[in-house]
Structure formats: structure tokens, C-alpha cells
Amino acid sequence: MAIRYLKAYTADLNYNCNILEFSINDRIERVLEEILCEKPDLVAFSCYIWNIDYIKQLASLIKLIDDKIKILYGGPEVSYDSEKFLKENIGEYVIEGEGEETYREYVKTLLQYKEPLNIKGLYYKSDKGISYGGKRELMDMNKLAFPYNLKDNLENKIVYYEASRGCPFNCKYCLSSTIHGVRFLSLERVKKDLKFLIDKKVKLIKFVDRTFNCNSKFAMSLWEYLISIDTETTFHFEISADILNEDQLKLLAKAPKGRFQFEVGVQTTNNEVLKNINRFVAFEDIKKQVVELNKLGNIKQHLDLIAGLPGEDFQSFKKSFNDLYSIGPDEIQLGFLKLLKGSPMKEEAQKWGIVYSPYTPYEVLKTKDISYEELLLLKRVEAMIDKYYNSQKFTSILKYFIPKFESAFDFYLSLGGFFYDKGYFSRSLSSTDYYKVFLEFNSEVLNNENAALKEIVKFDYLKFNRKKWLPEFLERNIGKNTERIFKEAIKNEIIEVPFINYHIEDFNIDIIKFINNGEINGGIYYLIFDENNCNNILDVTYVINKEKLLNQ
């Protein structure tokens, strides 16, 4: 949004401004070529922890080709040591902090005088070294120009939107703690902006507000509006769950399923560690409201944990993980503490024995409470939770395995160790390999050859991989007579599976549900039983239509 804000806020000025966007995975030669093809007088970069090294290289290459091109930097990665950054890097200008007013004044001055004068919020190189125009006050949010326009192709895209700036909390690891107070756009302005994006058929609007529901009246008014409107757009909010009240929950219960998704920063369930980072809220208060939201069944919840926080050791983090997992959120994000420039946490690093990388993204390497080796183990857990839990494509398999371990954390830790020992982290696995891993894990780690597991794996595979073939490791030979009877029944649209009863102690999915409610999620689940022993389930198949099953 940053560069769009800058362009929109200076749209009335008589200058030519073009926006170019790239991925850090793009070849730097191509990016350089496209920038230089614009024949720029000045190139302005929006700088973050994930792109700053790339940007430094680009700036150097631009200057090597044409030293007359000016370079301007802005964004959080250059806002907290601006003078030092400008001394050590190629380029002429750095905008500190919030950029709209500073950039506008900068452009106006440049157009009039060719060189910037004393502009608040701007660092610049001069004959005297590095000059600074002084601190700029925060702007009135309602002066912001809407950063999107009719020419933007936004259909089915993910679009960011900002209804407020600032945060009422002062978490030591967060840059929002450096700015006190919260500023809001007017409610009518927000509704107008969102209606524009909704009409453009945006797929997902992600609010970048740090704590969207910190103003209950504002949040409820906007939620009420979004609940009432006819749209397929989904809206993502970062909220503080502990301040959700009864009125908000009653309102949210009316939301169409899929209309809202919430991101909740739990970070840790250790109340002492929460105090260490200036989060004065008990996990029990967060849990209560997250559980209430879960009961509504219409809002996707994404819960965050941070490893490496001051005062939290491996066992404490394990408890935090298990506490969070027990709630059953839709997604769990396991992040690692980053000591960002300008954050109070960076100033307290020595106090907590925090050793962090001096290179972006400044991630914790160890603390006095948790070792480097233990953090590596948590990296494996992170990979497993992201692939297997968050994708929600392995739910039956996970239900089978987790009761076999002391806790959910122990399962994911063991699975991550298995991946590491087998070398799976260092090579690319196919989508079918991720299912096959469980059969290997069951055999090699648990020393178990449970035949039912293959059927559970097959069930999840067929449910989420609607192909006309099965990978070889999931194939099961069935008797010709059973196959003939089954296909004949399907042709006649009669599904009758002869069985007496069955033994499914290890199956861990609700077979009765499938038998009584065959049609689920637009498809049908079919069970095939051993024709010689009706106690054995041979196959569980998910199909969308008869033709698909016949083709299999």
C-alpha cells in the first residue's frame, strides 16, 4: 500500500510517477532492466526486512549504470537509523516514518527548486554531510488519498486496506509500540472505500490495522455494515480476542460463513512471559473468547505463537503450543522473535541474553532460556504444523496419530524429526509423498503396521485430491465379485454395502456419519468391505459423481 499511498497523495502535482512491483524471487537483472526502461530521474524504494538486501543491490546497480539517477528510501527498515543508513549506503534521501506528507513536500520542493530544502521527516546528503529536517507530526488519517483506482485490476485478488494507524498496546517486540495512540479514518469514508473494492470483486481484503477491535463502536459499526452487504468478498482482521464483548459476539454470530476471518496474537500462554513483553492480558481471557468464536462456526480463526520470547524456555513453549492446539483453531502460526530496528525489545536483548542475527530479518538465535538447538527443533514443528495442520487436508490422519503421543506437540516434534532424519526437508516432495510419509512414519517410528491406517490415508487423499487414479502405495486389490456387485449398484444408483458390523478402534473417523449421511461436501463417501470377512473395511472412497468412481 505504501507506494500507492504516495502516488495517490501527490496525484495533483505536475510530475510523472509510475509504480513498479516485483517479487524478491524475480531475477535482479530483469528488475533492473524494467526500472531503467522507465528513464527515471529518481527511484523511490519502500523498504522492509524482507526486501532491504535486494534493494541495496538494485540501488548499487542503478548508480553504476547512471549515477545521475537519485535514490530515495522509505519504510520501517530505514526509519529508525536513517542517518546511519544513509551514511553507509548509496543514495541521496531517506524518509523517516509516516511518509505521505514528507513525500508530498519533497516532490513540490524538487519541482520548484531542483534540490530539497529543510523538509521535516527527510534525511538527505549535502555538502555538510547528512542533513535532517526534523521530526514530523503524525497526519490526520482522513487526509489520506484512497490508494486504489478504477484502472486497477483487482478481481479475485488479495488487497490490503487500512482503517486505522497505531495500537493501544505496547508489546516490546512490535514497532507499533513506538507510536502512541490510535487514529481512525471516518466510518463513512471506510464504508465508501470498501464498497469500491467489493464492487471490483476483490477476493480477500486484509485489514492491516494492528488491533482492529480496540474501538468497539467503530468495529461493530463496520462489521454490521459488512454483514448486511451482498458480497463474496472475505474480510481479514487482526483482533485482540480478550476485549471481545457479548454485544460483539452476538453481532458476529449473524455473519455469513466465510465473510470474516480473524487473526489473534496469542504469542504465549505463559502469563509471566506476557508481562515480560508488556502484554498485560491472561491467556485464560483470550481462550474464553476464542472458544466462544469457535462455537459460532462461521469465522475462520488464525492464532499466533512466537518462539524465543524473553523468559520462555522449551518446556514453557511446549505448554503454550498444547494450550493453543487444544482450542482447535483453523490455523496456527508458529513464528520466531525478530528484534526489529526501533523496537524496545532490541534495547533489552542483553538483559534477556537474546542473541539474534545481525542480518535481516534479525531473528533470535538463542536466549538465556532457550538454546539454538531447541529453536531448530521448533523450526521442524513449525514446518509440520504449517504443512499438515494448517492445510486441513490431513485431518483424519492427524486424529489417528495424536492420541498415540503424550501431546500434540510431541507428535509434531517426532514427525519433524522423522522428516529431518529422512532428508525430506532438503528435497522437494510431491503432493502424494506427503501422504506416503505417514505410512513410513507409522512403520519406522511407531513400529506399527496397522492396516486401517492405509484406509485413513486413502480417505484424506481422495477427499482433497480428486483425481482419477490412486498412487500405488494406496491401491488395494478387491475381489472380482465385490467389484461387480459394487459397480452394478452404482449403475442402478443403489448403494447397498452388505455388512454385519465392523471393528474400527484405530480408524478414528466417524464411519456412522458416512453411512447415515452419505452425501457430504457435494460428494459421496463409499465404503467397501471384505467380501469374505465383513468385519474388515477394504476401502473408503470419496467421489463427486458416478462417472468418476466408474473411471477409477
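The Cβ shell under 15 Å around ALA2 holds other residues with a net charge of -2, Lys and Arg each +1, Asp and Glu each -1. May I ask which of LYS250/LYS300; LYS56/LYS114; LYS217/LYS250; LYS206/LYS341 have a Cα-Cα span longer than 18 Å here? Checking Cα-Cα distances, LYS56/LYS114; LYS206/LYS341 exceed 18 Å.
Each residue of the stretch 245-251 was assigned a 3J(HN,Hα) from its phi angle through the Karplus expression (A = 6.51, B = -1.76, C = 1.60, θ = phi - 60°), giving 10, 4, 5, 5, 5, 4, 5 Hz with x at Gly and Pro.
So what is the relative contact order of the stretch 345-435, in percent, for Cα pairs below 8 Å that sit 6 or more residues apart? The normalised contact order for the stretch 345-435 reaches 19 percent. Between the helical axis of 52-65 and the longest alpha-carbon principal axis of the chain there is an angle of about 50 degrees.
These residues, TRP50, TRP352, go from largest to smallest accessible area, 1.4 Å probe, as TRP50, TRP352. Summing charges over neighbours of ILE24, with a neighbour being any other residue whose Cβ is under 15 Å away from its Cβ, gives -3 when K and R count +1 and D and E count -1. Its Cα gyration tensor gives the stretch 360-430 an equivalent ellipsoid. The semi-axes, each the square root of 5 times an eigenvalue, are 23, 16, 12 Å from largest down.
Take GLU92: with every protein chain present and a 1.4 Å probe, its accessible area is about 30 Å².
Hey, any idea what % of the stretch 382-436's accessible area is carbon plus sulfur with a 1.4 Å probe? Roughly 44 percent of what the probe reaches on the stretch 382-436 is carbon or sulfur. Projecting the Cα positions of VAL281, LEU470, SER240 onto the charge dipole of the chain (unit charges on Cβ atoms of Lys, Arg, Asp and Glu, taken about the Cα centre) puts SER240 furthest along the positive direction. Each Lys or Arg adds one and each Asp or Glu subtracts one; over the other residues with Cβ under 11 Å from the Cβ of LEU339, this totals +1. Taking the protein heavy atoms of the stretch 60-161 in the context of the full set of protein chains, the accessible area attributed to carbon and sulfur is 49 percent at 1.4 Å.
Near LYS436, which lysines are there with a Cα under 16 Å away, not counting those fewer than 8 places off in the same chain? Output for LYS436: LYS387, LYS393, LYS422, LYS454, LYS458, LYS463. Pull out a ≥ b ≥ c, the square roots of the eigenvalues of the alpha-carbon gyration tensor of the stretch 258-307, then state rounded if a/c is under 1.5, prolate if not and a/b is larger than b/c, and oblate in the remaining case. In terms of gyration-tensor shape, prolate. With the charge dipole of the chain set up from +1 on Lys and Arg Cβ and -1 on Asp and Glu Cβ about the Cα centre, the Cα lying farthest toward the positive end among the listed residues TYR73, SER431, ASN442 is that of TYR73. Helix 433-444 versus the longest principal axis of the chain: what is the Cα-based angle in degrees, 0 to 90, to the nearest 10? Roughly 60 degrees, rounded to the nearest 10.
Among beta bridges identified by DSSP and lying wholly in the chain, the antiparallel ones come to about 40 percent.
Magnitude of the charge dipole for the chain, about its Cα centre and with charges confined to Cβ atoms of Lys, Arg (+1) and Asp, Glu (-1), is about 1080 debye. Based on Cα contacts under 8 Å between residues 6+ apart, the stretch 21-178 shows a relative contact order of 14 percent.
Among the protein heavy atoms of the stretch 243-331, carbon and sulfur supply 47% of the accessible surface, probe 1.4 Å, non-protein parts ignored. Entry note, the chain: relative contact order of 8 percent, from Cα contacts under 8 Å with a spacing of 6+ residues.
Bridgeable lysines around LYS108 (alpha carbons under 22 Å apart, same-chain partners fewer than 8 residues away excluded): LYS7, LYS39, LYS68, LYS70, LYS120, LYS125, LYS135, LYS143. Solvent-accessible area per residue in the chain equals 51 Å², computed with a 1.4 angstrom probe and all protein chains kept.
Quick check on the stretch 1-86: take the gyration tensor over C-alpha atoms, sort the square-rooted eigenvalues as a ≥ b ≥ c, and tell me if it's rounded (a/c under 1.5), prolate or oblate. Taking the square roots of the gyration eigenvalues as a ≥ b ≥ c, the stretch 1-86 is rounded.
The values are calculated or read from the model by the stated rules, or taken from the named source; none is laboratory data. What you are looking at is a predicted structure, and each value in this text was computed from that prediction instead of being measured. Methodologically, a virtual Cβ is constructed for each residue, glycine included, from the backbone with ideal geometry; neighbour enumeration extends over all protein chains shown. Keep in mind that these areas ignore ligands, DNA and RNA; they rest on the heavy atoms of the full protein, side chains included. Shrake-Rupley method; radii C 1.70, N 1.55, O 1.52, S 1.80 Å.
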